[in-house]
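Read the structure below first, then the notes.
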Amino acid sequence: MNREDLVILFDDIISENPNFERKGKTMPYTSANGHMFSQVNKDAELGIRLSPEDTKVFDEAFGAQPFLSYGATMREYVLIPQKLLENLPLLGSYLQKGYEYVMSLPPK
């Protein structure tokens, strides 16, 4: 999937959830409680920040791969595989889990 299509998909998923909104003009992301929890990188990849427990479940279902942004591994993020990009309701639930995780952290 090219980056433009991924950004459109990202915007569509975010518009379905009233808990958060898209931020960033050139590097789309979501954040809450002072913590970023999802991002589309320049390589047309989507990463979502998950709790250790949710990462384990994600790994069992999809194989948790690291998410890179500007060459750096984003701590606690998983790379969203193409297979999951085709299942918008499930992808939306993982985005919600990312939101819930950062809301459980101390505010920045």
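I want to check the label-to-label distance for ASP11 and ALA72. Put each point 7 Å from Cα in the C-beta direction and report it in nm to one decimal.
Result for the modelled spin labels: 2.8 nm.
Considering only protein heavy atoms and a 1.4 Å probe, what is the carbon-and-sulfur percentage of the accessible area of the chain? Mind showing how you got there, number by number?
Working: 3150 of 6070 Å².
Carbon and sulfur atoms account for 52 percent of the accessible area of the chain.
Would you mind giving the three semi-axes, in whole Å and largest first, of the ellipsoid equivalent to the chain according to its Cα gyration tensor? Walk me through the intermediate numbers first.
On the way: eigenvalues 62, 54, 41 Å².
For the chain, the ellipsoid semi-axes come out as 18, 16, 14 Å.
Calculated FRET efficiency, ASP43 and MET103, Cβ-Cβ r, R0 41 Å, to nearest 0.05? Please list the in-between numbers first.
Working: r = 28 Å, r/R0 = 0.68.
So the FRET efficiency works out to roughly 0.90.
Under a point spin-label approximation (7 Å from Cα along Cα-to-Cβ), what is the GLU53-LYS25 distance to one decimal in nm?
Between GLU53 and LYS25, the label points sit 4.1 nm apart.
Let me make sure I get this right: for segment 11-60, a, b and c are the square roots of the gyration tensor eigenvalues over alpha carbons, sorted descending. Under 1.5 in a/c it's rounded, otherwise prolate if a/b > b/c, else oblate. Which is it? Working shown, then result.
Values: a/c = 1.79, a/b = 1.38, b/c = 1.30.
In terms of gyration-tensor shape, prolate.
Compute the Cα gyration tensor for segment 42-93, then decide on rounded, prolate or oblate, letting a ≥ b ≥ c be the square roots of its eigenvalues: rounded whenever a/c is under 1.5, prolate when a/b is larger than b/c in the other cases, and oblate in all that remain. All intermediate terms of the calculation are to be shown ahead of the outcome.
Numbers: a/c = 1.98, a/b = 1.20, b/c = 1.65.
Note, shape of segment 42-93 comes out oblate.
Counting only heavy atoms of protein chains, what accessible area per residue, in Å², does the chain have with a probe of 1.4 Å? Could you put the intermediate results ahead of the total?
Details: 6070 Å² over 108 residues.
Ligands and nucleic acids excluded, the result is 56 Å² per residue.
The values are calculated or read from the model by the stated rules, or taken from the named source; none is laboratory data. On a predicted model such as this, the values are computed, not experimentally measured, just so you know. Note that we place each Cβ from the backbone using ideal geometry, even for glycine, and neighbour counts take in every protein chain shown. For the accessible areas, the whole protein counts, side chains as well, though only heavy atoms, and no ligand, DNA or RNA atoms are used. Shrake-Rupley method; radii C 1.70, N 1.55, O 1.52, S 1.80 Å.
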